[in-house]
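Written below as structure tokens is the structure these notes are about.
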Amino acid sequence: MTVYTERAKGSPLADFLSENAQILSIAIFFLACIVFFTIGSSTFLTTGNILNVLRQAAPILIVAVAMTLVIITAGIDLSVGSMIALINALVAILIAAGLPWPIAVLAMLALGALVGLAQGWFVAYQDVPSFIVTLAGLSILRGLALYLTQGYSIPIENVPGFFVLGRGDLFGIPVPALIAVAIAVIGYVVIRSTRYGRRVVAVGSNMEAARRVGMPARWIVASVYMVSGISCAIAGLLIAARLGSGSSNAAVGFELQVIAAVVLGGTSLMGGRGTMLGTVLGTLTIAVIGNGLILMHISPFFTQIVTGAIILIAIWLNTRIFNAKFRLPGLARSKAK
């Protein structure tokens, strides 16, 4: 007869560190970046530059929140940059044609949802790998944006209400940053406190098991791509409002930054695990690195090298250390007797 004994109580500090290791690691790395760039540039920690970083990071954070949901389901969306370019160009064309900007904004949100849902349908209901579907979307959407604009930038003129979305301030804080924070809070609540969020995690952990217990697993998978499409529409609108123009060349390489922010924040590429707080820290880290390198007069092309290295290191940590249930020496839980 097997006798089971109660596991010895572990150290509260060890429990806290093990459960929050990924968040703590990115938080420490983020603070280290701030210290490094503060020392390297006298203008980095100024109020103006901090607000500039927040304004520029807003579109990345908005899409990263949705990408977190996609990756939790063990998927990926490579089309986000091209989707932003299409929205960016199309809203400029519509406003230039005389369509009232509120209607143009609503139309772009609907388009983003429709395109995202179409991609989600292929992934969820036709069992085409998300990598293939969204890679095709990357090419199709960017090509459509190029066709509509013929490669030219479309100016947006005399639309102050629309410009507020990208250039406005409220209580000294950029409007895009406030929108991004609101979306991040919604994402956090969805993952932590809603049935939909729990279903997203369950589907990412084991889609077949989720289906067998009665969850609409395929719809859940399709829906996260719809959410991604809507987030891209919002980001594309903010970029168009900030720059005052629409271009098919907008958001080139954007998907790299978004994926880097999400995996750096600790979301597992294998699915079933993710955190919005980590995504926020990952996004701010990517934004700070890009801004800091420019202020230190380092080539902006070097940012791509750094971003790629961050993705590689983050994935390595994700798969080799955190998934192996890494524990700090001397603080590990006591083993069961």
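Annotations
- Stokes-Einstein D in µm²/s, Kirkwood radius over Cα pairs - the stretch 245-290 at 20 °C with 1.002 mPa s viscosity: 188
- FRET efficiency for the pair residue 196 and residue 316, taken as 1/(1 + (r/R0)^6) with r the Cβ-Cβ distance and R0 = 25 Å, rounds to 0.20.
- Given the chain, longest segment not containing exposed loop chymotrypsin sites (Phe, Trp or Tyr not before Pro) (DSSP; at most 15 other Cβ within 10 Å): 5-151
- Model label sites at residue 178 and residue 99, defined 7 Å from Cα along the beta-carbon direction, differ in position by 2.7 nm.
- Residues residue 186 and residue 152, FRET efficiency given R0 of 30 Å [Cβ-Cβ distance, rounded to 0.05]: 0.25
- Dividing the C-alpha radius of gyration of the stretch 19-114 by 2.2 N^0.38 Å, with N its residue count, gives 1.48.
- Stokes-Einstein D in µm²/s, Kirkwood radius over Cα pairs - the stretch 179-264 at 37 °C with 0.692 mPa s viscosity: 219
- When you work out D = kT/(6 pi eta Rh) for the chain at 10 °C and 1.306 mPa s, using the Kirkwood radius from C-alpha pairs as Rh and the Stokes-Einstein form, the result is 75 µm²/s.
- On the beta carbon distance between residue 309 and residue 131, with R0 = 30 Å, the FRET formula returns roughly 0.90.
- Ranking 157, 208, 255 by solvent-accessible area of protein heavy atoms (1.4 Å probe, all protein chains present), from largest to smallest, gives 157, 208, 255.
The values are calculated or read from the model by the stated rules, or taken from the named source; none is laboratory data. Only a predicted model underlies this, so the values are computations on that prediction, with no experimental measurement involved. All Cβ positions, even for glycine, are placed from backbone atoms using ideal geometry, and neighbour counts span all protein chains on display. What goes into the accessible areas is simple: the full protein's heavy atoms, side chains included, and nothing from ligands, DNA or RNA. Shrake-Rupley method; radii C 1.70, N 1.55, O 1.52, S 1.80 Å.
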